[in-house]
Amino acid sequence: MVTIQEKRELVNQTRETNRAVQVYDYADLSGVAINLPSSQRVKLTGIVGDGRAQIKEPVIGWVNATFLRVPTEIRKGARYRVRMTSAPNGLLAYWEPGKAQNDGPAGGATVFLTEPQDSYVEGGRRFVRVFYTGKANNERIGYVSQGPIGSTLGQPNSNFEGPL
């Protein structure tokens, strides 16, 4: 029997395979669903157990956690604009969850989601990691509020318009 637990800090985190891996239907690593190539990006559910991790992208299944690594390359992804109606003074950016920077994108500023995407939930809001131009006019990276839990990027309930 495999002991399974939820690790909230891993929900929606992106990982990369460090070799070709099998994705299994079950937590005991039985019932092979598919094989993934080396360097394939996967998204975690946050459910883990005894050296295993459940993924939800590109398919739902279980993988041996030994064969996953944190991606080393962060690229610019989808482009959005900070919505003037919900954030006219801009958004506060966080260096890491809970650690604010004295900076953030201005209202109407263009931001780029990080690729792989990274987010967390705190205080009833979802925070997404973005590239933005800071107060000193230099490119920075940080977490900013997407909006309340349940908001959808680009929709009226989000702090962002787009994608552009």
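The values are calculated or read from the model by the stated rules, or taken from the named source; none is laboratory data. Small disclaimer: the values here were computed from a predicted structure and weren't measured. Note that each Cβ is placed from the backbone with ideal geometry, even for glycine, and that neighbours are counted across all protein chains shown. To get the accessible areas, we keep the full protein, side chains included, count just its heavy atoms, and leave off ligands, DNA and RNA. Shrake-Rupley method; radii C 1.70, N 1.55, O 1.52, S 1.80 Å.
The listed residues Lys99, Lys43, Lys56 rank as Lys99, Lys56, Lys43 when sorted by accessible area, largest first, using a 1.4 Å probe.
Which of rounded, prolate or oblate describes segment 75-161 when judged by the alpha-carbon gyration tensor and an a/c cut-off of 1.5? Rounded is the answer for segment 75-161, as its axis ratio a/c remains below 1.5. The distance separating the Cα centre of segment 141-164 from that of segment 8-78 comes to 26 Å. Since only Gly107, Ile55, Ile4 are under comparison, the one whose Cα sits farthest along the positive direction of the charge dipole of the chain, derived from C-beta charges on Lys, Arg, Asp and Glu, is Gly107. Put a plus charge on the Cβ of each Lys and Arg, a minus charge on the Cβ of each Asp and Glu, and nothing anywhere else: the dipole of the chain about its Cα centre is then about 360 debye. Once the chain from Met84 to Arg19 is taken as fully extended at 0.36 nm per residue, the excess over their C-alpha distance is 18.9 nm. The lysines whose alpha-carbon is closer than 26 Å to the alpha-carbon of Lys56, local same-chain residues fewer than 8 away aside, are Lys7, Lys43, Lys76.
The slack in the chain from Glu139 to Leu10, taken as 0.36 nm per residue of separation less the alpha-carbon distance, amounts to 43.8 nm. Take the Cα of Lys99, step 7 Å toward its Cβ, do the same at Ala65, and the gap between the two points is 2.3 nm.
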